[in-house]
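Okay, so here's the structure we're looking at.
The values are calculated or read from the model by the stated rules, or taken from the named source; none is laboratory data. Computed from a prediction, not measured in an experiment: that's the story for all the values here. As a convention, Cβ positions derive from the backbone with ideal geometry for all residues, glycine included, and neighbour counts pool all protein chains shown.
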Amino acid sequence: MARTDEPGTTPSSPVPSDAQRRTLRVLVAAQVLSGAGLAAGITVGALLAQEMLGATSLAGLPTALFTAGSAAAAVLVGRVSQRAGRRAGLALGYGIGAVGSVAVVVAAVLDSVPLLFAALVVYGAGTATNLQARYAGADLAAPAHRGRAVSTVLVATTLGAVAGPNLVTVMGRLAESWGIPALAGPFLLAALAYGSAGAVLWVLLRPDPLLLARELAVTAAAEAAAGRGPAVTDVESRPRTVLHAGMVMVLTQLVMAAIMTMTPVHMRAHGHSLGAAGLVIAVHVGAMYLPAPVSGWLVDRFGPRAVSGGAGVTLLAAGLVAALAPVESVGVLALALALLGFGWSLGLVAGTAMLADAVPLAARARTQGSVDLTIALAGASGGMASGFVVASTSYAVLSLVGGILALAIVPLVALSAREAVRR
């Protein structure tokens, strides 16, 4: 088989289903590795900033910074993928994330707040790439199975993402034995995880799914023009649907980031151990990714708009449970964060499928990168604002406001559904 991972090559017509299965296997392997890197910033980023800055009001700043970095990286990864394929874009993104992880550790050792801020921005590239990988899973998928393809990539993140927070104590002790602050320990794991994920994709993601999808589309169109195959039509560009899909994912990310960011800070302020906070975040991250096959099945069965509405209701429930959780109850907080993670999963899978249905192949990666830019900026805003909200009011108010805000998804998707019927 001729290589299809470089622009300008011609594939020897591999069976698309075989190529899709190989693509998913490679993406799963990379996502398992990258999940541990993703969890580092979620679990200890706010605590590290609180320790170095000595202020709770700025504890949301790390999430804001690495999410802002994620926003810039989303555009970069999308544009590189558009030109050179998913393999190049995703490997580059994970490589940058690994460099940022190392820089966070150096900043902690030097006790340099400016370096920490800059490093967290670079570290955010790993977060962006972890999410961009879901699009690679959908490139060769049939429309009727697109939800399940996206969810397969997301669920693979579970193993590393759940193991990461539970290794906080172990990595902290290891870091201390090397003269590194304990809270920087998980970023050592992140550097290894992101670097390994990038290497796996660079070496094994062949044929490149996006480039192969384009080449297969060109071949099919040529055969149709010559009368040797059925007529082929690409997805018609639907800007309103793109807008609605993006808004669903923006609201989902905003609410999730705000409540998630301040949960470890809230727990530590009420006497819970770092291990307990790590456990709750592990439950949350597990609920973000482990139910992804359910989210994908629901999208394929009932459609992305109906599932988006379900995401809004689930996030409202998460906010209510978090707001009413007794401060001494780790179990109730874990339930709230589990609902928060599942609501995020529903919204992300549904929004991703809706977006893929509305963007033609020729502009797919670039548009996806731009949408992920807005998603990341929403997460940055939620993370940044969360510290100020909790400092001026309370964690309960933050959770309640977040849940109510998420409910705005329901009228949004109702409007989108009415417009779809008119077409």
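For this structure, a couple of remarks:
- Qualifying residue in the stretch 399-417 (condition: within 26 Å of Asp300 (Cα to Cα), free of Cβ contacts under 8 Å to residues at least 12 places away in the same chain and in a helix (DSSP H, G or I)): yes
- Helices (runs of 4 or more DSSP H) contained in the stretch 148-220 and holding at least 2 residues touching a Lys or Arg at 6+ places or on another chain (Cβ under 8 Å): 185-204
- Condition met for Val371 (of a type in the set (A, V, I, L, M, F, W, C), under 25 Å from Gly126 (Cβ atoms) and not in a helix (DSSP H, G or I)): no
- Hey, Val327 in a helix (DSSP H, G or I) and among the hydrophobic types (A, V, I, L, M, F, W, C) or not: no
- Sole residue being crowded, with 23+ Cβ neighbours inside 10 Å and modelled with pLDDT of 95 or more, chosen from Ala336, Ala292: Ala336
- Within the stretch 100-113, tally of residues that are without any contact (Cβ under 8 Å) to a residue 40 or more places away in the chain and either surrounded by fewer than 22 Cβ atoms within 10 Å (Cβ to Cβ) or not in a helix (DSSP H, G or I) (or both): 4
- The residues on offer are Arg173, Arg148, and the sole one that is modelled with pLDDT under 90, touching a Phe, Trp or Tyr at 6+ places or on another chain (Cβ under 8 Å) and over 19 Å from Gly78 (Cβ atoms) is Arg148.
- Residue in the stretch 230-247 that is buried (at least 24 other Cβ atoms within 10 Å of the Cβ), in a helix (DSSP H, G or I) and modelled with pLDDT of 90 or more present: yes
- Subset of the stretch 365-381 that is closer than 13 Å to Leu355 by Cβ and among the hydroxyl-bearing types (Ser, Thr, Tyr) - its residue that is surrounded by the most Cβ atoms within 10 Å (Cβ to Cβ): Thr367
- Index of the failed condition, Met267 passing every other in (1) more than 19 Å from the chain's Cα centre (by Cα); (2) in a helix (DSSP H, G or I); (3) at pLDDT below 90: (3)
- Test result for Leu116, touching a residue at least 60 places away in the same chain (Cβ under 8 Å), part of a helix (DSSP H, G or I) and crowded, with 24+ Cβ neighbours inside 10 Å: yes
- Top-ranked residue of the stretch 70-90 - restricted to ones that are more than 16 Å from the chain's Cα centre (by Cα) and surrounded by fewer than 24 Cβ atoms within 10 Å (Cβ to Cβ), ranked as nearest to Pro186 (Cα to Cα): Ala88
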